[in-house]
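Encoded as structure tokens, the structure appears first; notes follow it.
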Amino acid sequence: MNKIEEYTYEQSPFAGSRWIAPTYSVDVAVITRKFTLNANLKGHLYICGLGYFEATVNGQRLTQDKLIPVATDYHTRDLSEATYTATDIRTHRMYYYEYDVEGFLKQGENVLEVTLGGGWYTQRERIAEGKMHYLDRPRLVFTLAFDDMSIYSDGTETWCESEIRSSNIFIGEVIDYRFRDNAPKPVIFLPHPEESIFSPSIGIPDRIIRKIRPRILSERNGKRIYDAGENVSALVALRANRGKFTLRYSEYLDGEGNLDFTTTGAHYKGTSGKPQIMTDVFISDGESRTFMPHFTWHAFRYFEIEGDSAGIEDVEVCVIHSDVGLTAEFDSDSEGANFLFDAYVRTQLSNYHGSYPSDCPHRERLGYTGDGQLCAPAAMMILDSKALYRKWIRDILDCQDINTGHVQHTAPFQGGGGGPCGWGGAIITVPYAFVKQFADRSILREALPAMRRYIKFTESCMENGTVVRESKGGWCLGDWKYLDSGKVPEHFVNTALFVRALRMYREMSGSNEFEYLEAVCLSALEREYVALKEIGAASVWATYVGIESPEIPRKYYEALGKFDTGFLATDALVEILFKHGYADTANKLLSSGATGSFLEMKRRGATSLFESWGCRGSGSHPMFGACTRSLFEGILGIRQSDGSYGYEKICFCPALPTGMNYARGSIITPRGKISVVLKRRDEKIEAILVVPDSVAVINEAGECYSVDIVQNL
């Protein structure tokens, strides 16, 4: 990854243009600029709208991308009322877009029309993280560049209110087609945020990916309840010719078949005093129209439409997320393994918006670095996500304090609590996963100095060899979402994670600068572990850093028969079990139906992953699915060798557990597709491996395989 282009206002395509905005506070504004062309119809539009924008030239949309620009920490704002510590001095960035408009222009009068939605920029309703908005209105800057002249946003534009009467990224939109603003108003100028950087857009924008025809479950009391069949991130497109319709969304139904809003944020009250429930209101003007929100998304399986059903002509569920494709496949005769793969993929995709990975797509929608860093290796392996993580690494670097090295817990920064290593450590672990998966080390030019600052900051948060705090007033979580007996002291978890980060830094940098720090931490962990030996998750972390035998966590979890680990230790545990030859124990956990298992989620009707064992809380949190990578590395045996990047060398060590008779899968790597088929025949396992010529294959003994093999194991 080359260094991302960065420009000041004077260096950018917008030198000469002014930031313009509506004259008063609105959620959505339509800004119009008319201009005349005599001959030259070749031009480029450079545009940046905050929060979101949709642009047309002469009535034609320039792109089908949605929710652009991709999300970032646009510029400084008043964070004195943030819920969590937010005094860091961070880097601020605004992404702009370039469009070739040659095919959109005509001789004579032309019209550029930009609909601006508030998005994150004006969001004021949700205040769980405190007051996080920037301004009370969206803003726009543009330049139309031709060979012989340029047209700038210069105040000659006008604006009108939109039929989108309200828009909130957490709640939804009110669209009233009866409304007409026939009185164009002059725009105002806003000052350029001097502390912010302009960058050409990177990442993967949101798009409508596929459509689902929902099923009507019931109709009573003026409400129709629909089932999309799966928990997705989506918008409902409602075609109607009359009436007013209120749409509400939920992941689950209650015992009476009504929508249950408890998992998607209804326990939060907004500035309006109303509960946080995803809601759209569509009001017809009597013409047959399709209603669909413009500047938000929803996450749900079930939804209700309240209103006169006689006016409804059609209903579709339009799945929306960052346009990330699937680059892996997995199938087996294991119900648990198959559900894990399918549910993780669906959950991860639902949590890609604005080209960053979120914790959940409804209640919080934030780029939490805990969930994101844990899932990064699996997501990079299974999904075509390189460009997305390239952008998210940029977000993480931007949310580091330029003086202290502290890393915030959400990227782009939108508030939120976490911990020093399970969250802030993303500044090391995500670039490491990126380099390992894609063999692209160019990111390290900028990331390594940032990693070093983070390490020095974390060292300052240590006492007696363990990481015991973070910034003053900040959170210091260790692991999260344990079940019953799995809780481990925060300082023990953070110190183990810090050791992992130090080792990754050493591998990437080739430097032994912090060898002394790793030794100090290991000594402290050995000392602390004496009192924690009876806790299964503590033995996981001790094994992970090399101070305990893997046989100890194996015995504990073989007897327990389910997960009691937090989201961080769950991934580590499954990796340890497969890596050290305990595939049967790993499969026992993956196939369990007890409380503290993936199959319990499935048997509760889930099609995506809960955020807690016991099926509590959000029904679309990817974090426990990070161990999905072990289906490929553990069962199928597609494991990169030490020192390998981009799958130049794999250690082929398949492990079909007892009770599984068949497994197949593939991943698309930078060197091509690697596929494996495993079948149990009598007392032996037949393994078929197909790899590109450029991939070297060895077995556990270090012996080379040929590239197309059938091997009895």
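The values are calculated or read from the model by the stated rules, or taken from the named source; none is laboratory data. Being a predicted model, the structure only gives us computed values, none of them experimental. Note that each Cβ is placed from the backbone with ideal geometry, even for glycine, and that neighbours are counted across all protein chains shown.
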**Message:** Of the residues SER523, SER549, only one is in a helix (DSSP H, G or I), surrounded by fewer than 21 Cβ atoms within 10 Å (Cβ to Cβ) and among the hydroxyl-bearing types (Ser, Thr, Tyr); which?
**Reply:** SER523
**Prompt:** What strands (runs of 3 or more DSSP E) lie completely within the range 188-269 and have 2 or more residues being basic (Lys, Arg) and within 22 Å of the chain's Cα centre (by Cα)?
**Reply:** 206-212
**Prompt:** In the set PHE330, PHE282, PHE303, which member is part of a strand (DSSP E or B), farther than 17 Å from ARG207 by Cα and touching a helix residue (DSSP H, G or I) at 6+ places or on another chain (Cβ under 8 Å)?
**Reply:** PHE330
**Message:** Could you check the range 229-265 and list, in sequence order, the residues that are without any contact (Cβ under 8 Å) to a residue 12 or more places away in the chain and closer than 16 Å to ARG301 by Cβ?
**Reply:** ASP254, ASP260, THR262
**Request:** Check the range 306-317 and report whether any residue there is under 22 Å from the mean Cα position of the chain (by Cα) and assigned to a strand (DSSP E or B).
**Result:** yes
**Item:** Matching residues, the range 389-418, being assigned to a loop (DSSP other than H, G, I, E, B) and among the charged types (D, E, K, R)
**Value:** ASP401
**Request:** Filter the range 129-172 for residues that are more than 26 Å from HIS362 (Cβ to Cβ), assigned to a loop (DSSP other than H, G, I, E, B) and within 34 Å of the chain's Cα centre (by Cα) and give the result.
**Result:** SER153
**Request:** Among the numbered conditions (1) modelled with pLDDT of 95 or more; (2) on the phi < 0 side of the Ramachandran plot, tell me where GLY510 comes up short.
**Result:** (2)
**The listed residue being in a loop (DSSP other than H, G, I, E, B), buried (at least 16 other Cβ atoms within 10 Å of the Cβ) and out of contact with any Leu (no Cβ under 8 Å at 6 or more places or on another chain), out of ILE89, ILE68** = ILE68
**Request:** Would you check if GLY273 is at positive phi and under 32 Å from the mean Cα position of the chain (by Cα)?
**Result:** yes
**In the range 138-156, the residues that are surrounded by fewer than 22 Cβ atoms within 10 Å (Cβ to Cβ) and of a type outside the set (Phe, Trp, Tyr)** = ALA145, ASP147, ASP148, MET149, SER150, ILE151, ASP154, GLY155, THR156
**Request:** Scan the range 619-658 for residues that are in contact with a Cys (Cβ under 7 Å, 6 or more places away or on another chain) and of a type in the set (A, V, I, L, M) and report the count.
**Result:** 2
**Asked** When the range 633-651 is examined, which residues are found to be crowded, with 24+ Cβ neighbours inside 10 Å and among the aromatic types (Phe, Trp, Tyr)?
**Response** TYR647
**Request:** Would you please name the residue that is farthest from TYR529 (Cα to Cα), looking only at residues in the range 470-504 that are surrounded by fewer than 18 Cβ atoms within 10 Å (Cβ to Cβ) and modelled with pLDDT of 95 or more?
**Result:** ARG503
**Fill in**
Within the range 266-278, restricting to residues that are surrounded by 14 or more Cβ atoms within 10 Å (Cβ to Cβ) and touching a residue at least 60 places away in the same chain (Cβ under 8 Å), the one that is farthest from GLU611 (Cα to Cα) is GLY270
**Prompt:** Does ALA86 satisfy being out of contact with any Ser or Thr (no Cβ under 6 Å at 6 or more places or on another chain), at pLDDT below 95 and either in the same structural domain as LEU190 (by TED's automatic domain parsing) or of a type in the set (Phe, Trp, Tyr) (or both)?
**Reply:** yes
**Prompt:** Which members of the range 163-208 meet the condition of being hydroxyl-bearing (Ser, Thr, Tyr) and either crowded, with 21+ Cβ neighbours inside 10 Å or at positive phi (or both)?
**Reply:** SER167
**Complete:** How many residues of the range 53-65 are assigned to a loop (DSSP other than H, G, I, E, B) and either modelled with pLDDT under 95 or not small (Gly, Ala, Ser) (or both)? The answer is 5
**Item:** the range 617-643, residues that are part of a helix (DSSP H, G or I) and aliphatic (A, V, I, L, M)
**Value:** MET623, ALA626, LEU631, ILE635
**Fill in**
When every residue in the range 353-388 that is among the aliphatic types (A, V, I, L, M) and either without any contact (Cβ under 8 Å) to a residue 12 or more places away in the chain or not in a helix (DSSP H, G or I) (or both) is compared, the one surrounded by the most Cβ atoms within 10 Å (Cβ to Cβ) is LEU366
**Request:** Say whether the condition of being assigned by TED's automatic domain parsing to the domain that holds SER618, hydroxyl-bearing (Ser, Thr, Tyr), modelled with pLDDT of 95 or more and within 20 Å of THR83 (Cβ to Cβ) is met by at least one residue in the range 417-440.
**Result:** no
**Message:** So, in the range 663-685, how many residues would count as being surrounded by fewer than 16 Cβ atoms within 10 Å (Cβ to Cβ), at pLDDT below 95 and in a strand (DSSP E or B)?
**Reply:** 2
